[in-house]
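Below: the structure, in structure tokens.
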Amino acid sequence: MVLFALTFCPALSQVARMDSLKQVLQKGDLEDTVRVALLIELCEASTFMEEQGGKYFAEQALEISTRINYPLGMGLANNSIGAYYLQVGDLEKALSFVLEAERVYLEAGGFGKNLLAVYNNLGIIYNRTGDTRKAISVYKNAIQLAEREKMLQSQAILYNNLGSAYDKLQVYDSALWAFGRVEEVSREGGIEVGIMMAKSNLGSVYFSLGDLPRSEEEYLTGLKIAEEGQYTRNIATILLGLADVYAGQNQLRESEAYYQRGIKIAEEIQALPLIQDGYEGLAQVQEKSGKLALALDSFRKWQQAKDSIFSLEKAQTLEELKVRYESEKKESEILALSQQNEIQSLELTQKNQLLWFGGIGVLLIAGLGYSYYQRKKLKSEAQMAELEQRFLRSQLNPHFIFNALSSIQNFMLKSEGALASRYLGKFSKLMRQVLENSREEYILLEEEIRMLENYLEIQKILLQKEFDYSIECLGALDSGQISIPPMFVQPFLENAIQHGLKETGGKIEVEFSLAGEYVEIIVKDNGVGILSAFQAKESHRSLATSIIRERIDNYNRKLKNQIQLNLLDRSERKEQGTEVQLLVPYLSN
């Protein structure tokens with residue numbers, strides 16, 4: 001949870017504040033700079049209440065500021081739009097607008113205090129993209145400036161986001177200290193929304209530490225302030241946090257009620273991340289309560305929200321990258337043509353004296369222009385590859401998910417409640433693991449192994465095939481100290497189960513070992529083998545195999561140590577089955 005607003009209104013109801021600002025805006029004799037300031041205030045007032053409101057007002061402010069060439073307004077508006085995109089999780093657009101705000105301020109000069117808000121948002125982006133320690137460094141430097149300038153509001157924002165960064169690293173003592181500073185500074189400045197955010201985040205940290213009574217106390221204090229100020233999004237967030245607390249205390253009825261309240265508000269403002277988190281928690285509580293039909297419905301809604309987030313992010317960001325790439329390409333071409341025309345003009349006026357130098361200048365500029373264009377092209381391609389990577393990594397075979405949910409439903413229809421509950425528990429755990437792992441470039445090997453074990457257990461129940469499996473780390477490999485790219489092994493397990501193993505007596509072996517700068521992964525089965533499988537299903541193209549090859553291609557575009565894949569039919573060694581040999585780079589922790 002992070003603060004995005006640039007200023008706070010102490011105790012005034014946000015609805016009353018917005019109504020008052022809108023009334024002033026209706027006056028026709030306002031100067032453009034005053035109108036911009038009012039629009040920015042409206043943007044900030046609506047940040048915690050409306051999912052789209054803040055962006056709408058900031059865009060109006062940006063249009064006016066650009067028309068009258070007003071640097072302060074352009075900087076504030078760009079940073080506010082960037083803050084909106086941070087709130088909804090679109091980091092590509094957030095970075096674009098925040099960097100534009102920084103450019104405007106630096107070119108105009110004299111906006112040191114305004115740059116604090118820009119650097120705050122840059123810190124958030126570093127934190128979200130995994131460079132958390134760099135984010136912490138940015139926050140600390142900005143806090144020093146804010147304290148020298150005695151800017152209490154900026155201090156509250158920066159300390160809040162510093163606490164979020166420590167929380168992400170699970171350095172909970174430092175997170176508690178930072179959020180405590182948010183509360184101290186906010187009380188000193190009478191910043192109600194700052195106190196609310198401090199209490200909400202303290203509740204989250206105490207929950208992580210297992211201090212559920214203290215977590216409940218902090219959340220309830222934050223909820224009271226949020227409801228009084230009508231901070232809609234924060235009300236939903238805190239309600240879901242309290243639902244987690246009550247679930248941890250085994251107060252299932254209270255937990256379910258709070259999840260439902262939080263989800264209702266989240267759906268009203270279309271806050272997809274909150275909707276996703278809410279339905280995930282609600283499904284688990286309903287499962288524990290024995291409400292299996294309701295739990296199944298909540299899991300489906302959780303899956304819909306998850307799919308919507310990834311699809312929306314992929315579509316929006318790909319489109320933006322394509323537009324940006326084309327725009328930069330055109331700018332590079334125009335720049336090269338303009339500079340070439342200038343050189344030709346000099347040649348005509350200075351004739352032979354500068355002819356030789358002009359020719360060299362044309363070649364140099366053309367070379368620089370081409371180099372610039374190539375760098376931008378490679379950067380855009382790398383960004384698009386990263387986006388595709390995250391999207392592909394988020395997928396399990398849809399048939400597997402559908403079959404799993406159908407099996408749970410069948411167990412319930414047959415009144416096999418105990419089996420349905422056990423299966424639903426394993427399935428929910430797998431979905432959580434896939435969701436968490438899909439957000440990371442590298443995960444601990446032990447986490448990957450836990451996910452694979454859970455996947456194989458579900459497949460045994462789902463397909464009712466009798467097969468054994470083993471997963472081993474060989475030699476000096478410590479699964480708790482090595483991180484690898486996630487979700488590369490599961491598709492090959494899927495292929496082995498679906499197309500290789502026979503109905504009985506099947507066996508799958510997975511081995512991990514160090515091989516120089518790589519982790520070598522061997523997946524073996526004793527099934528029919530690749531050649532027989534292809535002959536039996538010549539027209540079948542495995543979705544899992546297709547995805548894994550696309551993922552390898554995307555990874556290899558940016559990795560020094562290339563991922564290597566080799567598939568063998570074990571009949572070549574007078575054995576039975578298929579062997580997958582995979583080399584992946586790793587990080588030592």
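The values are calculated or read from the model by the stated rules, or taken from the named source; none is laboratory data. Bear in mind that the values here come from a model prediction, so they are computed numbers and not experimental data. Cβ coordinates were reconstructed from backbone atoms using ideal geometry, including for glycine residues, and neighbour counts include every protein chain displayed. The protein model used for the area step is the full one, side chains on, heavy atoms only, and it has no ligands, DNA or RNA in it. Shrake-Rupley method; radii C 1.70, N 1.55, O 1.52, S 1.80 Å.
At-a-glance table
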{"item": "Failed item, numbered, when N566 is tested on (1) surrounded by 13 or more Cβ atoms within 10 Å (Cβ to Cβ); (2) in contact with an Asp or Glu (Cβ under 9 Å, 6 or more places away or on another chain); (3) at pLDDT 75 or above", "result": "(1)"}
{"item": "The listed residue being open to solvent by 50 Å² or more (accessible area, probe 1.4 Å), hydrophobic (A, V, I, L, M, F, W, C), touching a residue at least 24 places away in the same chain (Cβ under 8 Å) and assigned to a helix (DSSP H, G or I), out of A293, A266, A236", "result": "A293"}
{"item": "Residues satisfying the stated conditions in the range 437-495, i.e. touching a residue at least 60 places away in the same chain (Cβ under 8 Å), of a type in the set (D, E) and closer than 15 Å to K524 by Cα", "result": "E494"}
{"item": "Meets criteria (modelled with pLDDT of 90 or more, more than 22 Å from V182 (Cβ to Cβ) and in a helix (DSSP H, G or I)) for E217", "result": "no"}
{"item": "Only listed residue being open to solvent by less than 20 Å² (accessible area, probe 1.4 Å), assigned to a helix (DSSP H, G or I) and modelled with pLDDT of 80 or more, chosen from F492, F512", "result": "F492"}
{"item": "Some residue of the range 8-22 being modelled with pLDDT of 80 or more, more than 21 Å from A156 (Cα to Cα) and not in a loop (DSSP other than H, G, I, E, B)", "result": "no"}
{"item": "Positions within the range 35-73 being at pLDDT 80 or above and open to solvent by less than 30 Å² (accessible area, probe 1.4 Å), in sequence order", "result": "V36, L38, L39, I40, L42, F57, A58, A61, I64, S65, G73"}
{"item": "Residue satisfying all of: in the range 192-225; touching a residue at least 60 places away in the same chain (Cβ under 8 Å) and either polar (S, T, N, Q) or over 15 Å from S164 (Cα atoms) (or both); surrounded by the most Cβ atoms within 10 Å (Cβ to Cβ) among these", "result": "N201"}
{"item": "Residue that is nearest to N69 (Cα to Cα) [pool: residues in the range 90-132 that are among the acidic types (D, E) and part of a helix (DSSP H, G or I)]", "result": "E107"}
{"item": "In the range 516-542, residue modelled with the lowest pLDDT [restricted to those that are part of a helix (DSSP H, G or I) and either polar (S, T, N, Q) or open to solvent by less than 80 Å² (accessible area, probe 1.4 Å) (or both)]", "result": "Q535"}
{"item": "Single condition A108 does not satisfy, out of (1) surrounded by fewer than 21 Cβ atoms within 10 Å (Cβ to Cβ); (2) within 23 Å of M197 (Cα to Cα)", "result": "(2)"}
{"item": "Some residue of the range 124-134 being out of contact with any Lys or Arg (no Cβ under 8 Å at 6 or more places or on another chain), open to solvent by less than 50 Å² (accessible area, probe 1.4 Å) and among the small types (G, A, S)", "result": "no"}
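The rows are residues; the columns are (1) within 26 Å of L419 (Cβ to Cβ); (2) modelled with pLDDT under 60; (3) touching a Leu at 6+ places or on another chain (Cβ under 8 Å); (4) surrounded by fewer than 18 Cβ atoms within 10 Å (Cβ to Cβ).
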| residue | (1), (2), (3), (4) |
| --- | --- |
| P273 | no, no, no, yes |
| Q284 | yes, no, no, no |
| E320 | no, yes, no, yes |
| V323 | no, yes, no, yes |
| K329 | no, yes, no, yes |
| S332 | no, yes, no, no |
| L337 | no, yes, no, yes |
